[in-house]
Ligand SMILES: *Cc1c(COP(=O)(O)O)cnc(C)c1O
Ligand code: SF4
């Protein structure tokens, strides 16, 4: 049996009981005008799209904003979060459910597309809103596993003994209170066929405050192997606070991997990709996947054509040790795994 973690004090709703990460979460920048003021970029206001911001609002933690360069309209971190008018341009082939999630998902928030691995859409919330995200149109409200319904997800896993790895994804699963995560892993204790737990999360990078003692105690108490796949697209996303959070996760026993998305204007050069791999390794993280963009409505301006993506990947392989070269893949609806380019 898993020893039950101590009750979470920040589960109380009072302001006084909220831990630092919840405060940092709530204090995220949500107004494009404020972001541009902070970054001393008044000229960019004319390119901000109210329609895009209405469909998928700006949200970016202040600590992440602090890693952006002031006065640089092409900052690779800014480009990931600012709703620009390029998003309003309809482009043929860029659709709402690009990866077939609506077809694969049951009512339980479980996406079981690959043999041996089941992915739980644990929650729809994220601390940051990434403009290129394939989930920006996903109807989370009815399809999350944690919405009082871990039971259904656990029942699904119990009925599928071939699943030996459970992925918590989202949204960002670390948006959930640690007590909520612990509730899930207590349920997993009855399912010995689940040997690995994997978290797909951008929070250690965008809101490293989330990696607090309570979370680390919960992770360290897991009887099964834990993999944490973080999500950083550019070396500038990592700073000393992120390094500390990642070191904590490693000390708690997690294996750390990174997935990135290849994004025009963010990391579409051999230099940027090599710097990202080097910086990740310095923080104890191995590059795992470099994803070709999912063709989701509003993201066409981020796309890098396949030929160029392959050339960049070859350039990276010619420059770095093999273990710092992520696999270049794309998600194809109906395929049994991520598809190498
Ligand atoms: C990407 C993904 C996984 C994980 O794939 P790996 O190749 O094991 O990293 C699992 N389930 C779903 C639904 C996915 O989209
Ligand atoms: S799911 Fe990941 S990529 Fe998408 S908005 Fe949330 S943090 Fe960003």
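The values are calculated or read from the model by the stated rules, or taken from the named source; none is laboratory data. Note that this is a predicted model, so its numbers are computed, not measured. So basically every Cβ, Gly included, is an ideal-geometry build from the backbone, and we count neighbours across all protein chains shown.
Structure notes:
- Test result for residue 59, modelled with pLDDT of 95 or more and surrounded by fewer than 17 Cβ atoms within 10 Å (Cβ to Cβ): no
- Filter result for residue 313 (more than 28 Å from residue 208 (Cβ to Cβ) and buried (at least 19 other Cβ atoms within 10 Å of the Cβ)): yes
- When we screen 238, 207, 256 for residues that are crowded, with 19+ Cβ neighbours inside 10 Å, within 18 Å of the chain's Cα centre (by Cα) and without any contact (Cβ under 8 Å) to a residue 40 or more places away in the chain, the only hit is 256.
- Some residue of the range 288-302 being farther than 20 Å from residue 133 by Cβ, in contact (Cβ under 8 Å) with a residue 24 or more places away in the chain and surrounded by 15 or more Cβ atoms within 10 Å (Cβ to Cβ): no
- Every residue from the range 303-331 that is without any contact (Cβ under 8 Å) to a residue 24 or more places away in the chain and more than 30 Å from residue 47 (Cα to Cα): 311, 314, 317, 318, 321, 322
- Tally of residues being more than 16 Å from ligand 2 (Cβ to nearest atom) and either under 21 Å from residue 115 (Cα atoms) or free of Cβ contacts under 8 Å to residues at least 24 places away in the same chain (or both) across the range 160-184: 7
- Test: residue 127 is assigned to a loop (DSSP other than H, G, I, E, B), away from ligand 1 (no atom under 16 Å from the Cβ) and either surrounded by fewer than 22 Cβ atoms within 10 Å (Cβ to Cβ) or at pLDDT below 95 (or both): no
- Residue match in the range 281-295 (condition: more than 17 Å from the chain's Cα centre (by Cα) and within 16 Å of ligand 2 (Cβ to nearest atom)): yes
- Hey, residue 157 more than 16 Å from ligand 2 (Cβ to nearest atom) and part of a helix (DSSP H, G or I) or not: yes
- For first residues located in the range 77-88 and at positive phi, partners that are crowded, with 23+ Cβ neighbours inside 10 Å and lie 6+ apart or on another chain with Cβ distances below 7 Å do not occur.
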